[in-house]
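The values are calculated or read from the model by the stated rules, or taken from the named source; none is laboratory data. Since the structure is predicted, the reported quantities are computational estimates derived from the model, not experimental observations. Glycine gets a Cβ as well: all are built from the backbone with ideal geometry, and neighbour counts include every protein chain shown.
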Amino acid sequence: MPQTRPLTRSMDKHLGKLFAMMAEMKAGQEEMRVAQAGLNRKWKLDRKTCDPDGRDWNKTEEKARGELQSGQERMEKGQEEMKGMIEEVKGEIQRKVDEVAEKVEMKIEDVMSEIKGKIEEVEHKVQEKIGDIESRLSELEDRPFSFLANPELIHPRPTIKSLTFDDIHHGQSLRLSLML
């Protein structure tokens with residue numbers, strides 16, 4: 001029996017029967033060839049030994065035709081059985097393929113729903129953070145800017161302070177000179 005990798009044990013059993021029937025059919029065909037060759041030889045001999053009116057020849061020919069017909073019927077029956085077995089195996093394979101396809105589809109749906117759930121969860125978290133940021137922003141907009149009202153912190157124009165030689169400001173040097 002040729003090496004096969006069937007999907008199930010029952011398929012293995014059916015394939016085994018199928019291969020056995022094929023071997024039996026081949027043996028039957030070989031047997032028919034041998035029988036036909038033997039009949040051809042026998043017909044040749046019978047033709048020589050038949051009486052002149054050919055009565056024995058007709059009997060032999062009828063017998064040979066009967067044997068050939070019964071062999072052909074057995075072969076056709078075997079072929080029908082093989083076709084039935086093949087259809088049965090095809091049906092079983094199709095059922096298995098359908099089962100696997102259904103399982104794959106279910107897994108895909110599970111993964112898709114899980115992904116959708118995670119996306120919704122992330123969207124919810126992002127919306128929460130956006131809400132927090134918007135509330136903080138509105139609080140900052142509502143709060144008065146008190147540090148701008150303080151004149152010490154406001155510099156309308158930049159000022160330049162000149163330094164003296166001793167790193168003393170001009171006003172300090174004036175005070176020092178008046179004190180002396």
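Structure above, values below:
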item	result
Flag for Ala23 being small (Gly, Ala, Ser), more than 30 Å from Val97 (Cβ to Cβ) and at pLDDT 80 or above	no
First in the stretch 7-22 and of a type in the set (D, E, K, R), second anywhere and in a helix (DSSP H, G or I), Cβ under 8 Å, 6 or more apart	Lys17/Met85
Any hit, the stretch 75-98, residues being under 24 Å from Met11 (Cα atoms), touching a Leu at 6+ places or on another chain (Cβ under 6 Å) and assigned to a helix (DSSP H, G or I)	yes
